[in-house]
1. Would you mind calculating the relative contact order of the range B:101-312 from Cα pairs under 8 angstrom and at least 6 residues apart, reporting the percent as a whole number?
2. Please report the buried accessible area for the interface of A with B, total over both chains, probe 1.4 Å, in Å² to the nearest 100.
3. Excluding same-chain residues fewer than 8 positions from B:K383, which aspartates and glutamates have a Cα within less than 19 Å of its Cα?
4. Report, largest value first, the span of the C-alpha coordinates of the range A:48-115 along each principal axis, in whole Å.
5. In nm, to one decimal, how far is the B:H92 label point from the A:A187 one, both placed 7 Å along Cα→Cβ?
6. Using the Cα atoms as the points, what is the convex hull volume per residue of the range B:101-312 in Å³?
7. Need the C-alpha centroid separation for the range A:258-309 versus the range B:269-303, integer Å.
8. With the crude spin-label approximation of a point 7 Å out along Cα→Cβ, what separation in nm comes out for B:A401 versus B:K440?
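The values are calculated or read from the model by the stated rules, or taken from the named source; none is laboratory data. Not measured: the values here are computed from a predicted model. Glycine also receives a Cβ, built like all others from the backbone with ideal geometry; neighbour counts cover every protein chain displayed. Ligands, DNA and RNA are excluded from the accessible area calculation, which covers all protein heavy atoms including side chains. Shrake-Rupley method; radii C 1.70, N 1.55, O 1.52, S 1.80 Å.
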Amino acid sequence: MALFKTAFNKLKQGLAKTRSGLVSGLRSVLGGRALSAELLSELEAKLIQADVGVATAAKLTQELSDAWKAGKVSQGEQALDYLKQRLAADWPDHDRRLRYAPDGGGPTVILIAGVNGAGKTTSIAKIAKSLRDENKSIVLAACDTFRAAAVEQLEIWSGRLGVEVVKGQQGGDPAAVAFDACEAAVARGADVLIVDTAGRLHTQDSLMRQLTKIKNVCAKKIPGAPHEVILVLDATVGQNAITQAKVFAEAIDVTGIFLAKLDGTARGGIVVAIRDQLGIPVKFIGVGETPDDVEPFEPGRFIEALFAE
Amino acid sequence: MFDSLTDKFSGLFRKLSGRGKITEANVREAMAEVRTALLEADVNYGVVEQFTQRIQEKALGTEVLASLQPGEQMVKIVHDELVDLMGPVDTHLMYVQPGPTVVMMCGLQGSGKTTTCGKLAAYLKKNGKSVTLAAVDLQRPAAVAQLETLAKQVEGDMPGPGQVHFYAEPDKVAEYGKAVGAAVGVARRALDAAKKNGSDVLVLDTAGRLHIDDALMGELRAVNQAVTPHQIYLVTDAMTGQDAVNSAKAFNEQLELDGVILTKFDSDTRGGAALSVKHVTGKPIKFIGTGEKLDAIEEFHPERLASRILGMGDVLSLVEKAQEQVSEEDALALQEKMAKGKMTMDDFLAQLKSVRKMGSMKSLLGMLPGVGQQLKNLDLDEKELNRTEAVIQSMTKKERADVTLLDNSRRRRIARGSGTSTQAVSQVVKGFEMVLKMSKQVSSMGMMDRMKALTGMGQMDPAAMGGGGMPGLPGFGSGKKSTKTQSRFRQRKRKSR
């Protein structure tokens with residue numbers, strides 16, 4: 001995938017602090033040990049500590065235990081491979097690719113949403129950068145008219161990346177900004193329109209309805225839009241992310257997750273539960289502060305990191 | 001907030017209280033459920049293990065097994081342990097003389113530092129302190145502009161006698177990783193500025209950073225050395241999962257925190273961070289952020305939260321919220337009117353409005369003991385209250401002073417005026433009459449009886465309330481037609497014939 005060429009190159013160089021650095025140097029709890037009831041319960045604890053959730057952790061451990069009893073796996077490494085395969089099957093490759101508008105079908109619209117502080121704006125900069133590096137022309141829509149200086153924040157990114165931004169007034173109607181941005185993107189023949197929205201807690205009904213309105217405005221202006229609806233999740237988030245994903249999915253049909261801030265010590269295991277219960281795939285992971293710090297989601301490596309010591 | 005945990009606990013206690021005596025096996029079974037509930041609530045794995053262990057030891061001691069009310073005993077043990085887990089906490093801010101008291105905020109990216117700085121400034125302003133907000137976040141694009149906007153909003157829109165100043169050096173802002181270290185000088189000069197403008201408190205908004213980023217953590221230590229803050233707060237997202245303790249521990253090791261501010265408490269957080277942070281770092285939670293608005297910051301009270309988690313309500317917070325909205329004189333004046341049965345529709349409207357200022361009906365009712373559980377599936381329609389307000393506002397002054405004037409013709413007019421129906425108007429009138437009747441009854445009680453009625457509410461046993469209605473709210477919403485008004489209508493009808 002050309003989208004991630006730069007990111008892959010960077011990865012190969014081996015970043016000291018990012019997840020890839022952690023993963024390559026990690027020792028797994030599963031390494032070099034024979035499977036036993038004790039190891040299985042350690043493994044379950046590890047999954048819970050990675051925020052996978054009690055129910056999903058129990059389910060995975062049970063599956064592994066069954067495979068063990070059936071004689072399919074006996075060593076720790078085999079167990080890791082088993083889990084990797086099992087979860088990779090849940091996350092097929094085509095699921096993780098970006099969906100574009102058909103040729104000549106107008107700009108591809110990517111709608112970005114999430115709770116406050118999840119990392120939406122930085123994630124937008126990352127997606128915009130990698131698409132720009134593929135020579136796609138991009139327009140950003142600054143629909144976060146609520147938070148102080150949110151528009152300025154996006155403008156600074158647009159300046160640094162050299163992409164256009166459509167904005168409205170602080171406190172104005174975000175759906176109106178989306179409307180203008182759609183028109184601007186069509187008029188300029190842009191390839192991609194990325195719509196930033198204000199952070200909102202999924203518990204706020206009226207704000208969720210506002211989000212639906214923004215999505216509907218996009219759909220009305222550009223057929224088939226939005227082609228991608230990305231929910232940005234903070235990797236440190238706990239079990240309530242399942243409700244987050246559920247409520248956002250109900251409001252705007254979320255098509256994928258951007259798992260941000262995976263360069264810390266958090267494992268982001270909640271996406272396993274979300275995939276399991278809601279079927280929403282992870283499309284990107286964010287591993288740092290700069291626009292280059294984005295990687296495609298790789299189930300195998302992700303699973304390995306869950307069991308890191 | 002914390003609903004899932006509350007659900008689990010009440011179910012558990014109900015099970016235990018249903019028995020006359022319980023066995024060791026019962027306790028162990030219950031503890032396994034508590035463990036799952038806490039893990040599902042994002043409480044740190046290690047904390048859960050220790051917490052359940054301690055409760056089990058206590059419960060298996062003679063206290064519970066020998067008790068005739070094992071359910072109640074368990075509630076008490078869990079409550080005490082929860083309080084212990086989160087407390088003790090001194091919510092008062094310490095001010096130094098001479099000022100300024102330096103407060104430094106730090107935390108991960110996106111935890112809500114900048115917004116919390118604004119809220120803290122509003123809190124200090126309300127308490128008569130003048131504040132300087134200093135933008136020491138030179139990393140995130142537009143962080144300086146965000147804090148400046150907030151400073152202006154607090155200065156212009158928020159109540160209180162304190163002044164709000166803003167300090168920043170926008171030319172020092174640079175792309176990520178390129179301005180590391182510059183924050184030290186900015187912080188130092190912000191302190192000078194705060195001294196000069198006579199601020200009581202200087203709040204430093206630092207950049208979000210990962211606890212494993214050595215360069216940026218080093219910068220934070222350097223700022224710490226340069227201005228030696230009197231208080232250092234870690235700002236943490238209440239929705240954080242298992243990782244909450246890792247970052248809190250790392251920040252605490254590097255900076256010697258004074259406390260934690262938990263943000264986004266108005267989400268459906270399960271409470272994991274709130275229950276884990278103190279245990280792991282030894283540093284208490286001082287404040288919680290409870291909404292998007294600048295006044296949405298509250299002092300943290302572990303006992304109250306423990307009660308709420310266990311479904312026992314939080315009457316104290318409710319009373320405090322009420323006190324913020326209604327002055328004592330107003331309350332006394334109204335009380336007198338109520339005692340004499342002279343409350344008017346206008347008073348009723350004013351009451352309704354001040355109650356609504358306190359928060360949504362659901363959040364208020366949730367603070368009443370035993371009510372939280374019943375509310376889970378109840379969809380309280382705030383629009384109903386809008387309609388009630390519209391109905392009252394469509395009445396003439398005379399009608400508001402004396403509802404007995406309201407005959408069918410007037411009711412039809414009011415219905416049209418408020419965009420409702422005559423049934424809706426009648427309902428409002430009915431509700432008002434009921435309040436009138438109840439207030440007369442309460443006022444006729446002696447002081448002792450009233451006290452009894454109140455304390456009784458606070459001490460209700462949550463386990464016993466699972467199946468009941470809403471205790472303490474007798475017959476609310478059932479509405480009997482007042483015979484007095486009916487008879488007056490008849491009289492009027494007769495006259496008009």
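1. The normalised contact order for the range B:101-312 reaches 25 percent.
2. So the buried area, both faces added, is about 3300 Å².
3. A:D205
4. Dimensions of the range A:48-115 along the principal axes of its Cα atoms: 55, 29, 16 Å.
5. Here the answer is 6.1 nm between the modelled labels.
6. It comes to 112 Å³ per residue, whole-number rounded.
7. Answer, in whole Å: 27.
8. 2.0
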